[in-house]
Each structure stands twice: as structure tokens, then as C-alpha cells.
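Participant: My questions all concern the structure below.
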Amino acid sequence: ETGVTQSPTHLIKTRGQQVTLRCSSQSGHNTVSWYQQALGQGPQFIFQYYREEENGRGNFPPRFSGLQFPNYSSELNVNALELDDSALYLCASSAGQGPLSGANVLTFGAGSRLTVL
Amino acid sequence: GQQVMQIPQYQHVQEGEDFTTYCNSSTTLSNIQWYKQRPGGHPVFLIQLVKSGEVKKQKRLTFQFGEAKKNSSLHITATQTTDVGTYFCAGLKNSGGSNYKLTFGKGTLLTVNP
């Protein structure tokens, strides 16, 4: 089975620009979550997509938006980039939700490292 | 909102010494998961604990979930250089309806001196 793939791996943008990050979920997984990880910090939950709809969001402003496609792949869009947006953006897929099964266990991609100058 | 605290932030040990990291949630959790992130890598799932008081072992790693389902620990016996990395706990909590949110702690960075 294929794992989670993300693109691009690295990119550099300037303040005010917009960026789109892409993620292909692991085969058999229907849920995609996006996390922001600043240097030396734990992953911070941005949002989650299930059946092409956002079904959970962390404390991130509306300029962070996303999409999920019928094949369960996903995009993260960030508008009006700020210096503090520099971070590793991690996509993670899972087989679903629910606390008693392994469905909520996350498989992470290698991440997209964004630098905003 | 839900917070997950981890201590210590850093731990440096000599190879062969034991290591423990502790995780505490401000609210009761549905389950807790542990992930390991090697330097320059991405988080990789280690284990999930669901039941109150649960203890699970993976070779030299022992994971515990507290009776109140608000705290957890990871203990590594006789550390090896391959154990180097950041260990994250992540607490799963119902965020409404059938939605669940996984909140990560800040992690404990373990370095091992050979």
C-alpha cells in the first residue's frame, strides 16, 4: 500500500503571497487532517476533512482553507502569508474516526516545509 | 480549549539509562496515542491506549494510561542510540457529534550519548 505523499517538499514565499500544498492519502483512508509544526513544537491541528467536507478546525484564521477531493486527496491553501506561517505543514490520513478502533490513528506524510520571507 | 502538556521538554541520557516522559491533559480523553519523530522526519505512530489504567509494552517501551484517562507515560528501558528523537503524546477527544480531535503535546526530545 502507498503511504501519504505531500508536495512540494520545500518552498519559499514572500509575505502576502498565497500557497497551495497538496496531499495524497494512504490507500484505504478516507479522512485527511492538516497540522502545522513550528520548529521545536508539537503539531498544531489546522483542520480535518471527511467526505469532502471540513469536520473539525483548530485555532487558525480563515485565510487557512482546504479541500478534499473524491479520491480523498486534499489541498491546504494559505492566503496573505505572514512570517509566522513559516513551518512544516504535515498532512495525515486516517481510516475514519472513533476512539475505540484504530480508525483515528494518523499516518503522516513527510511534510511540506514553508519558508516565508 | 483542550490542552496536552508534556514533561520534560528535553532529556539527555547515557546509552543504557532509562527514560520516561509524562503527558497530562486538562480534560478526560477518549484515548491517547504516542508518536515518535526522528530528527528531520515526520511523526510515526507508536501505540494507542484506550482503557482506563491500560498498560502496553513494545519491547523496551512501556506505555501507561492513567485511571482518570487524563495522563499517560512512556518509559524506555536501557536506551539505545536508535531511540533518539522527539516523543509526542496526542490526546483524542470528542469535539461534537461524531467528530474527534487529536491534540498533540509539545513533545520530549530524547538524545542519547553512546
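Participant: With +1 assigned to the C-beta of every Lys and Arg and -1 to the C-beta of every Asp and Glu, and no other charges, what is the dipole magnitude of chain A about the Cα centre in debye, to the nearest 20?
Facilitator: Magnitude of the dipole: close to 180 debye.
Participant: Within 10 Å of each candidate Cβ there may be at most 14 other Cβ atoms; applying that plus a DSSP loop requirement, which trypsin sites (Lys or Arg not before Pro) in segment B:13-83 survive?
Facilitator: Answer in residue order: B:Lys51, B:Lys59, B:Arg60.
Participant: Given Cα pairs under 8 Å that are at least 6 residues apart, what percent is the relative contact order of chain B?
Facilitator: 36 percent
Participant: Could I ask something else about it? Quick one: which residues, 5+ away or cross-chain, put their amide H under 5 Å from the amide H of A:Lys13? H built at 1.01 Å from N.
Facilitator: Placed amide hydrogens put A:Thr115, A:Val116, A:Leu117 under 5 Å from A:Lys13.
Participant: Could you work out, residue by residue across B:100-109, how many beta carbons of other chains sit within 10 Å of that residue's beta carbon, and then give the average as an integer?
Facilitator: The shielding value for this peptide is 6.
Participant: Right, another one. For each pair in B:Lys59/B:Lys93; B:Lys36/B:Lys69; B:Lys57/B:Lys101; A:Lys13/B:Lys36, compute the distance between the two Cα atoms and list the pairs where it is over 23 Å.
Facilitator: B:Lys59/B:Lys93; B:Lys57/B:Lys101; A:Lys13/B:Lys36
Participant: While we're looking at this one, here's another question. Positive end of the charge dipole of chain B (Lys, Arg +1 and Asp, Glu -1 on Cβ, about the Cα centre): tell me which of B:Phe19, B:Asn71, B:Leu109 has its Cα farthest that way.
Facilitator: B:Asn71
Participant: Tell me the Kirkwood hydrodynamic radius of chain B in angstroms, computed as one over the mean inverse distance between distinct C-alpha pairs.
Facilitator: Averaging 1/r across every pair of different Cα atoms and inverting gives 14.2 Å.
Participant: Can you compute the FRET efficiency between B:Asn94 and B:Gln14 using 1/(1 + (r/R0)^6), with r the Cβ-Cβ distance and R0 = 30 Å? Round to the nearest 0.05.
Facilitator: About 0.10, to the nearest 0.05.
No value in this document is a laboratory result; all are computed from the given coordinates. Since the model is a prediction, treat every value here as computed from it, not as a measurement. A quick note on method: Cβ atoms are made from the backbone with ideal geometry, for glycine too, and the neighbour counts reach across all protein chains shown.
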